Structure formats: C-alpha cells, structure tokens
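Have a look at the structure below, then the notes.
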Ligand code: BG6
C-alpha cells in the first residue's frame, strides 16, 4: 500500500460558502457576505470599491449559500457515507463574536459548531478547522480598517483562544488563515482592506500581512499551550510558477513570483522574515511598524504546511503579447501544454507532485493538501443523475500524482481534502453553477431551487478511493 494507513482522506468547505443564515443565531456580518455576484465583485474584492452595506441592486450569494446552517446533519451524514476520515471546515468568526471583538462570545454560535463537532465525532470524522477562511468582521473593518490595524491581532487571538478552549476535546488540527497569500491578490477578501485614493497599497498590504503573521504565531503558541496534541498548520494558495520559456529572465521571474507567495509561508514555517523580502520592502521604501517583541513572536512556527492546488501558473520576464488565463485569483500566461477547465484554470496534475516536492525541499515539514478539485457545470440527466466522469478523471490524475510524490519522492503527506465536497458558492465569482462536489445541491446562481442534496457519480467513486486507501482510483 502506497499511502500510510492513517492517511486523512476527506473534503473541505468554508463557512461563508456553505452556511447561509448570515443574520441568524446572533451572527454578525463578515466581509465576504458583502460580495455580490456580477461585475462589481472584483473591484470590491480588491479593495478598490468600498461596499460595506447590502443594497437592492445586487444579489449576495453568501446570504443563503447552500443553507448548511439548516442542513448540516444531513450533509455530514452524506460525507460519512463516503467514509471521510477528516472534514475541513471553517468557523465563522462573526458567529462567535458578531462584532469581532465583543466582550463575550455568542453562545448560539458556539452551540452551532458544537453540534457539528458532535456529529463528526459520532461518525469518527476528525475536524480540520480553519479559524479564518476569508472572514473579517465588518464591524472591525468599519472601526479599524480591517487587518491594517494591530487591534485585529488582539481580536483574532481572543476569538481563537475562545474556540481553541471550548472545542479542545473535539479538534486537533487547526489552520490559522486560509490562503494567507491571497492578501496580495484580493486584499478585501484576505484582510478586509479598502484603499483610499493616493494610499500606498503595498505598504498597507504588508503591514496587514505582518499583523496576520503575528496573529498566526501567537495562536500557534496558544494552541500548543492549551493542548500539546494540537497540530497547527499554515495554508498557502499553492501552485508554482513556470517560466514561459527557458530564457533566464523568464526563470528569474518565476522565482520572484513564487517568492511573493512563499513569503508568508517562509515566515510561518521558518520563523523569520526572509532576506529577499526585507530587501524588497527596503527597495519599495516600506517600513513595517513593528513592536520590540514581534520578531521573537514570529519564531513560533507551524507544525505542518497545508496548501490548495488547482493549477500551476506561467510567467515571463518580458512584456510581450501573451494570451492570458485565470486561476484561483491569479492571472497567468496561458500554458500551451495544458488543457483548461470551463473557467480557464489549467489542469496540471504533475504540477501537484512538483509542488509537493518543492514545499518539502523548502520547509522539511509534513504537508497537507487541503484543497483540490474541478469546478464544472454539472447537468443532471432526465432522472436528475449527474454523471461527472470529468471530475473523476481530474481527481484521479491528481491522486495518482500525490501517490507518486509519496511513493517515489518520499514526501511526508498527512492527507487530502478535496475542495467543495458538497457543492457550494464559488469564492472568485460567487456562482453556484461552478460546482466541485460529490454531492449536488439543487440551487442556482440566483438562489432558486429546492436545496435538496443528490449524490453524483463521483460520490461512489470517492467512497471506493477512501475504502481502498487510494489503491483503487
Ligand atoms: C480557494 C479558496 O481560493 O479556491 C476557496 O480557499 C475557493 O474558498 C477555492 O472556493 C476555489 O475557487 P473558486 O473561485 O472556484 O470557488
């Protein structure tokens, strides 16, 4: 058998993309609740357009999502039927602290997650909990400007301490921030940042990054103090950059662009700011506001490195007329050697094996693939059945690649949680029609539908994969 006996097979979701019920149970508003579907989404996500109130002109998919708030028992039972060993989920900060920094936690929010953990425990499924998955309380954005303010460090640490203690008996695996490097690419989504005219955006982003890195280290330490069994991970929006050609300038650009993203993980996994980042900040005239002990705080490093992988990216050191494509909020030159999904994300299973190797070489820590999957339009047949062979094929190729990384390259891999194991709303576009799940949810892009759940063909396939510990793919 290639994979270790205790390999953690499962799937992943995020609170804001599934729960809905955004104002129920005493919950407060979060940044991502305010992202509408349609043309303004991108400007709001990047912090250029301020949009901190709902209006009647837009449709906000997070308001209902897939209504997991009212379906969680049925949903978890379905995941259990597939034999899940682990379920990656996030806690919504504003369900616990509606304003982000309230004096007391919201008991109804705590009860909701306790019920989820109880159900998972009933099925013997381990939770892997992301503390902040694109989740900044709107009240903290209005009062402090999001993560640009150091106040967010205290508020986040207090929130994390609360849930680490209350849910200690249920959870061993924690992630501090989902795709922490998204702060660079989508600053409102990653950090609740909104820029005023003439502000130095890079300065604000790196100040916010410093605050998140501090918060991550403080929480890692807290988690270890609360329970030495706690395993804390960082989380990278992964996928390395390829040089478009073998011109040295293209290769150099690929290294530089990889480093932009690795910067965060370098700090979280190694415990200090890397020299290339210090030099870059210096060149840009950016002086990060730090307190005396900050560099010591950062020395607390994570136990494992987790990442999402959908695609590799391609870059060039030259400004030429390249055909571009998109992928997980990153722009990329279209790689002529790869096929693309309906959304232009390029399919590169070998890139997953290479990413696993690169991360192992760089960090020498256990790895965890916490997102991977195919976003596609699923069309039910006349009986309502979804024959998603394309999804099975995508996942099969990626699972074979990760097995090679373990068997041939000796990578230490803890587990694999496919993204959106039950259909959910897409983070980039807000569309329901971009589906990733083994379970179909009857709901369209405008929130119409019965919200009933149906098993797709991939449901039975993944069940066999898990049962055979990846031997049968
Ligand atoms: C990652 C996020 O960026 O990619 C998820 O962590 C997101 O929240 C996933 O859903 C897939 O992206 P999209 O835009 O297809 O939902």
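Throughout, read-outs are computed from the coordinates displayed, never taken from laboratory work. Predicted model, so just to flag it, every value in this text is computed and none were measured. Here Cβ is always computed from backbone atoms with ideal geometry, including for glycine, and neighbour counts include all displayed protein chains.
Observations
- In the range 367-405, of all residues being surrounded by 18 or more Cβ atoms within 10 Å (Cβ to Cβ), more than 20 Å from the chain's Cα centre (by Cα) and in a loop (DSSP other than H, G, I, E, B), the one that is farthest from the ligand (Cβ to nearest atom) corresponds to 386.
- The one condition in (1) without any contact (Cβ under 8 Å) to a residue 12 or more places away in the chain; (2) within 16 Å of the ligand (Cβ to nearest atom) that residue 417 fails to fulfil: (1)
- Residue, farthest from the ligand (Cβ to nearest atom), within the range 293-314, restricted to residues that are assigned to a strand (DSSP E or B) and under 30 Å from residue 214 (Cβ atoms): 304
- Being more than 18 Å from the chain's Cα centre (by Cα), more than 16 Å from the ligand (Cβ to nearest atom) and on the phi < 0 side of the Ramachandran plot is a description that applies to residue 78.
- Scanning the range 325-342 for residues that are within 14 Å of the ligand (Cβ to nearest atom), farther than 20 Å from residue 179 by Cα and part of a loop (DSSP other than H, G, I, E, B) yields 341, 342.
- When restricted to residues that are in contact with a helix residue (DSSP H, G or I) (Cβ under 6 Å, 6 or more places away or on another chain) and within 16 Å of the ligand (Cβ to nearest atom), the range 133-147 contains 3.
- One residue from 97, 87, 122, 112 being in contact (Cβ under 8 Å) with a residue 40 or more places away in the chain and closer than 30 Å to residue 457 by Cβ: 87
- Residue 412 fulfils the conditions (1) in contact with a strand residue (DSSP E or B) (Cβ under 7 Å, 6 or more places away or on another chain); (2) within 27 Å of residue 340 (Cβ to Cβ); (3) surrounded by fewer than 19 Cβ atoms within 10 Å (Cβ to Cβ) except for a single criterion, (2).
- When the range 441-466 is filtered for residues that are more than 16 Å from the ligand (Cβ to nearest atom) and assigned to a strand (DSSP E or B), the ones remaining, listed by number, are 453, 454, 455.
- Test result for residue 436, away from the ligand (no atom under 15 Å from the Cβ), crowded, with 23+ Cβ neighbours inside 10 Å and touching a residue at least 60 places away in the same chain (Cβ under 8 Å): no
- First in the range 332-356 and farther than 24 Å from residue 318 by Cα, second anywhere and away from the ligand (no atom under 16 Å from the Cβ) and part of a strand (DSSP E or B), Cβ under 8 Å, 6 or more apart: 356/367; 356/413
- Tally, over the range 163-198, of residues that are touching a residue at least 40 places away in the same chain (Cβ under 8 Å), assigned to a loop (DSSP other than H, G, I, E, B) and closer than 23 Å to residue 32 by Cα: 9
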